[in-house]
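The values are calculated or read from the model by the stated rules, or taken from the named source; none is laboratory data. These numbers come from a predicted model, not from an experiment. Here the Cβ positions follow ideal geometry from the backbone for every residue, glycine too, while neighbour counts run over all protein chains shown.
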Amino acid sequence: MSRSIEISENQRKFLLESLKHGFRLTDRPFDHVRDISLYLSPTEYGYVEVSWGKTKLACRVTATVTTPYEDRPFEGIFTINSEISTMASMRFDTSRSNEEILIARIIEKAVRRSNSLDLESLCIIAGEKVWEITVDLNYLNYDGNFIDVGCFAVMLALHHFKKPDISINGNSIVVHDINERQPVPLSILHIPICLTYSFYNLTDKESNIKGEDADEICLLDADLLEELNRDGSLVITLNKNRELIQLSKNGGLPISAQQFLELTFKSMKTIDQLTDLIKTKIKEHEELRYKTENFKLLEASADR
Amino acid sequence: MAFQVQMSVLDNSDGSAELIIGNTKVIASVSGPIEPKQRQELPNQASLEIIIRPAKGLSTTREKLLEDKLRALLQSIIIRYKYPRQLISIVVQFLVTDEDPKFTANELNAAINCCYFALIDADIALYSSFASVVSCITENKLIQNPTGKELSQSDSHHVVCFNIQEGKADKILLLESQGEFVQEELFNLLSESVSNAEELHTLQRKYLKEKIDQDYIWK
């Protein structure tokens with residue numbers, strides 16, 4: 001049984017009233033994401049924990065060798081498992097709710113269908129052996145905005161992951177242990193980032209539908225309370241190259257095309273920030289690993 | 001055996017704990033007592049819903065097996081008659097594991113010890129404390145808290161869970177053994193495990209005391 005979260009009328013009015021005056025209850029500007037804290041596993045490749053505020057999830061990438069699909073002999077296989085357990089919130093239950101399916105599909109569309117992972121580079125022997133990359137998203141704590149955090153965690157984990165090196169002798173392949181040969185990172189073509197905007201109509205609904213005055217409020221990265229009270233939402237997926245990957249607006253409050261363009265334009269700042277965050281974190285982590293695991297001693301080339 | 005634990009890590013459940021023991025990292029949440037589904041409801045005691053989720057991939061029969069073992073243990077340790085017609089829902093999520101998927105010993109051990117902290121954090125009534133230890137026998141040598149590699153080279157491996165009363169290991173609540181071993185070896189292992197479990201329990205108490213001191217800091 002899914003247990004809905006109940007919010008009192010007072011709480012709801014307090015939130016909307018404060019939004020009207022230009023404040024969020026968390027004292028965060030409307031177009032800012034929450035504080036992000038990241039943990040990258042120092043011992044294995046492809047395990048990260050990400051939290052945005054109180055929303056927390058763990059993401060793991062694994063690679064196995066399998067046979068490719070018959071109609072796609074040159075492509076590796078990439079799957080994202082995203083199942084929300086009651087651990088995150090009692091709202092999510094063992095039977096998959098609509099919301100859960102929506103979250104999984106939007107993340108899948110953003111990452112997998114946008115071809116951000118180069119599948120052809122995962123081919124080992126055409127038609128016979130390819131790498132299968134599996135991403136497991138485990139949602140731990142729910143405080144709104146699983147889509148953005150999920151997509152971010154998947155991309156971070158994919159960057160963090162390295163698959164074991166292989167060598168091919170005729171028709172047989174050897175998978176080298178990661179201690180035997182340096183593992184190789186995945187080839188990632190671009191970094192899609194999802195941003196969710198929540199809309200609130202603080203005046204009357206009629207004037208909004210007629211489009212007389214567009215004074216609805218929009219918040220980036222809503223927390224649970226804000227998410228439960230919103231009148232509509234929009235997911236924009238973009239990458240650093242200013243390519244629009246996905247737009248998802250499932251009903252709710254209508255917004256004008258003008259506002260939509262402004263939002264997309266404004267999003268670029270956040271997209272750049274998040275992309276840089278992934279890149280700097282991965283770089284820092286690589287350097288740390290280089291030091292702690294004494295990779296310098298293993299280098300064969302001479303200093304010039 | 002050293003371990004690290006953090007309690008009350010999740011906001012949306014009544015009790016939760018994150019445990020790192022050996023190379024295994026696990027997080028457990030307890031919600032309850034709550035309203036059950038109609039088919040789960042028992043007229044005179046609480047029903048238990050246990051969900052185990054693996055670190056890699058989707059849950060399989062292996063996780064179902066772990067769930068059953070954990071249920072058998074927790075059923076006898078939770079005072080279920082205190083919560084008639086209620087449900088206690090426990091979710092165990094493995095984050096990092098260190099054993100071949102054909103073994104379950106390290107994971108079962110971590111799950112049991114993690115549940116102990118999560119249940120206490122959720123204020124669920126228990127008959128007694130419990131502590132679980134894992135060991136394996138390799139060529140007549142006893143190894144406590146084996147790593148995944150040691151486990152795969154062992155002749156037999158065992159998970160033992162004791163209930164602890166007054167700081168002393170009292171009864172065996174669960175014994176899971178796999179592999180080839182003789183009676184004498186098992187008895188020897190059990191007597192060794194007693195002191196290990198008691199030692200583990202003093203650590204458990206230390207962490208719990210710290211946690212309770214923190215919780216009542218305003219007093």
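Brief remarks follow.
- Filtered residues of region A:52-69 (kept if surrounded by fewer than 21 Cβ atoms within 10 Å (Cβ to Cβ), among the β-branched types (Val, Ile, Thr) and either more than 11 Å from chain B (Cβ to nearest Cβ) or in contact with a helix residue (DSSP H, G or I) (Cβ under 8 Å, 6 or more places away or on another chain) (or both)): A:Val65, A:Thr66, A:Thr67
- Selected residue (criterion: farthest from A:Tyr139 (Cα to Cα)) from residues of region B:24-34 that are more than 8 Å from chain A (Cβ to nearest Cβ) and not β-branched (Val, Ile, Thr): B:Pro33
- Some residue of region B:81-95 being over 30 Å from A:Ser41 (Cβ atoms), touching a Leu at 6+ places or on another chain (Cβ under 6 Å) and either buried (at least 18 other Cβ atoms within 10 Å of the Cβ) or within 14 Å of another protein chain (Cβ to nearest Cβ) (or both): yes
- Being touching a Ser or Thr at 6+ places or on another chain (Cβ under 6 Å), modelled with pLDDT under 95 and within 13 Å of chain A (Cβ to nearest Cβ) is a condition met by at least one residue of region B:54-72.
- Which listed residue is crowded, with 20+ Cβ neighbours inside 10 Å and within 13 Å of chain B (Cβ to nearest Cβ), from A:Glu44, A:Glu49: A:Glu49
- Residue match in region A:106-117 (condition: surrounded by fewer than 22 Cβ atoms within 10 Å (Cβ to Cβ) and either within 14 Å of another protein chain (Cβ to nearest Cβ) or β-branched (Val, Ile, Thr) (or both)): no
- Residues in region B:171-197 that are touching a residue at least 40 places away in the same chain (Cβ under 8 Å) and more than 19 Å from B:Asn140 (Cβ to Cβ) were compared, and the one that is surrounded by the most Cβ atoms within 10 Å (Cβ to Cβ) is B:Ala197.
- Test: A:Val33 is surrounded by 14 or more Cβ atoms within 10 Å (Cβ to Cβ), hydrophobic (A, V, I, L, M, F, W, C) and assigned to a loop (DSSP other than H, G, I, E, B): yes
- Residues of region A:73-101 that turn out to be without any contact (Cβ under 8 Å) to a residue 12 or more places away in the chain and of a type in the set (D, E, K, R), as a count: 1
- A:Glu17 being of a type in the set (D, E, K, R), surrounded by fewer than 18 Cβ atoms within 10 Å (Cβ to Cβ) and either modelled with pLDDT under 90 or part of a loop (DSSP other than H, G, I, E, B) (or both): no
- Selected residue (criterion: nearest to the other protein chains (Cβ to nearest Cβ)) from residues of region A:131-188 that are in contact with a Leu (Cβ under 8 Å, 6 or more places away or on another chain), surrounded by 15 or more Cβ atoms within 10 Å (Cβ to Cβ) and small (Gly, Ala, Ser): A:Gly144
- Of the set (1) among the hydrophobic types (A, V, I, L, M, F, W, C); (2) more than 14 Å from chain B (Cβ to nearest Cβ); (3) surrounded by 13 or more Cβ atoms within 10 Å (Cβ to Cβ); (4) within 23 Å of A:Pro185 (Cα to Cα), all apply to A:Phe74 but (3).
- Look at region B:35-52: where a residue is more than 8 Å from chain A (Cβ to nearest Cβ) and among the charged types (D, E, K, R) and a partner is in a loop (DSSP other than H, G, I, E, B) and surrounded by 19 or more Cβ atoms within 10 Å (Cβ to Cβ), sitting 6+ places away or on another chain with Cβ atoms under 9 Å, you get B:Glu49/A:Thr86; B:Glu49/B:Pro36.
- Hits in region A:84-105 - residues which are within 12 Å of another protein chain (Cβ to nearest Cβ) and of a type in the set (D, E, K, R): A:Arg91, A:Asp93
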